[in-house]
Amino acid sequence: MLELRTRPVAEAGFARLCTFAQSAEELFFLFPTASFPLTPAQLARAVAARADSTVVEGGGQVLAFANFYQWQVDGACAIGNVMVAPDYRGNGVGRALIDAMIMTALSKYRAREVRVSCFNRNTAALLFYARLGFLPCGIEPRLDGQGLPVALLHLRRAVEHPCGQ
């Protein structure tokens with residue numbers, strides 16, 4: 001079993017993170033405003049505009065990344081830009097990342113719920129979030145990179161604070 005740890009993202013890891021999206025469609029799922037291929041400059045802009053950009057490391061390399069695109073004390077935190085290295089998907093790395101983001105939402109923002117959004121064509125991610133207890137709470141019409149209609153599903157998960165805080 002690979003030992004995993006989380007830490008804040010560092011610019012030195014941007015080049016590796018930019019290799020995680022294997023196609024324009026996959027990048028659209030992870031980062032809808034980016035252009036394929038993802039570049040360190042695009043990633044740097046997202047990190048600067050968002051909060052708590054976090055990576056999961058294992059075996060001496062960066063394996064996953066996420067951040068908050070919304071964060072509200074005593075309210076909700078929304079996780080975005082969730083990406084896992086292709087060779088590590090389905091091995092618990094994504095779960096470790098989401099668990100770390102939820103812990104940050106609880107400890108730093110005292111969040112009452114955590115949200116994620118996922119496009120309807122990203123079946124693997126929708127099933128992953130369902131396994132983690134996220135439930136649908138809304139749907140938003142969007143256009144994909146080719147201008148075709150897609151549905152952005154909004155999901156949420158209530159979180160419980162340690163000691164009933």
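I'm trying to understand the selection: among the residues of the stretch 1-41, which are of a type in the set (A, V, I, L, M), part of a loop (DSSP other than H, G, I, E, B) and exposed (fewer than 12 other Cβ atoms within 10 Å of the Cβ)?
Listed by number, the residues that qualify are M1, A10.
Of all the residues that make up the stretch 140-150, how many are surrounded by 14 or more Cβ atoms within 10 Å (Cβ to Cβ) and of a type in the set (D, E, K, R)?
Matching residues across the stretch 140-150 total 2.
Looking only at the stretch 100-139, filter to residues that are in contact with a Ser or Thr (Cβ under 8 Å, 6 or more places away or on another chain) and of a type outside the set (S, T, Y); which one of those is surrounded by the most Cβ atoms within 10 Å (Cβ to Cβ)?
Across the stretch 100-139, the extreme among qualifying residues is M101.
Which condition breaks for V62 when tested against (1) modelled with pLDDT under 95; (2) open to solvent by less than 60 Å² (accessible area, probe 1.4 Å)?
Exception for V62: condition (1).
Name the one entry in G60, G90, G75, G80 that is within 10 Å of the chain's Cα centre (by Cα) and not charged (D, E, K, R).
G80
Quick grid of which residues meet (1) over 13 Å from the mean Cα position of the chain (by Cα); (2) closer than 22 Å to S53 by Cα; (3) of a type in the set (K, R):
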residue	(1), (2), (3)
I102	no, yes, no
A111	yes, yes, no
E140	yes, no, no
L143	yes, no, no
L148	yes, no, no
V159	yes, yes, no
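Of everything in the stretch 66-79, what is among the aliphatic types (A, V, I, L, M), surrounded by 16 or more Cβ atoms within 10 Å (Cβ to Cβ) and farther than 21 Å from F28 by Cβ? Give them in sequence order.
Scanning the stretch 66-79 gives a single hit, A76.
Test of understanding: among V56, V82, V93, which residue is open to solvent by less than 30 Å² (accessible area, probe 1.4 Å), over 20 Å from R157 (Cα atoms), touching a residue at least 40 places away in the same chain (Cβ under 8 Å) and among the β-branched types (V, I, T)?
Of V56, V82, V93, the one residue that is open to solvent by less than 30 Å² (accessible area, probe 1.4 Å), over 20 Å from R157 (Cα atoms), touching a residue at least 40 places away in the same chain (Cβ under 8 Å) and among the β-branched types (V, I, T) is V56.
Looking at V150, V84, which is the one that is touching a strand residue (DSSP E or B) at 6+ places or on another chain (Cβ under 8 Å), modelled with pLDDT of 95 or more and within 29 Å of A10 (Cβ to Cβ)?
Sole residue among the options that is touching a strand residue (DSSP E or B) at 6+ places or on another chain (Cβ under 8 Å), modelled with pLDDT of 95 or more and within 29 Å of A10 (Cβ to Cβ): V84.
Could you tell me whether E113 is acidic (D, E) and in contact with a strand residue (DSSP E or B) (Cβ under 7 Å, 6 or more places away or on another chain)?
Against the criterion (acidic (D, E) and in contact with a strand residue (DSSP E or B) (Cβ under 7 Å, 6 or more places away or on another chain)), E113 qualifies.
Could you list, in sequence order, the residues of the stretch 99-115 that are in contact with a helix residue (DSSP H, G or I) (Cβ under 8 Å, 6 or more places away or on another chain) and β-branched (V, I, T)?
Result: V114, single match.
Which condition number in (1) out of contact with any helix residue (DSSP H, G or I) (no Cβ under 9 Å at 6 or more places or on another chain); (2) assigned to a strand (DSSP E or B); (3) not charged (D, E, K, R) is the one that C118 fails?
All conditions are met except number (1).
Looking at F128, F68, which one is within 24 Å of T19 (Cβ to Cβ), in contact with an Asp or Glu (Cβ under 7 Å, 6 or more places away or on another chain) and either part of a strand (DSSP E or B) or at pLDDT 95 or above (or both)?
Just one listed residue meets the conditions, F68.
The values are calculated or read from the model by the stated rules, or taken from the named source; none is laboratory data. As the structure is a prediction and not an experimental result, all values here were calculated from the model. Methodologically, a virtual Cβ is constructed for each residue, glycine included, from the backbone with ideal geometry; neighbour enumeration extends over all protein chains shown. The accessibility values were calculated without ligands, DNA or RNA, using every heavy atom of the protein model including side chains. Shrake-Rupley method; radii C 1.70, N 1.55, O 1.52, S 1.80 Å.
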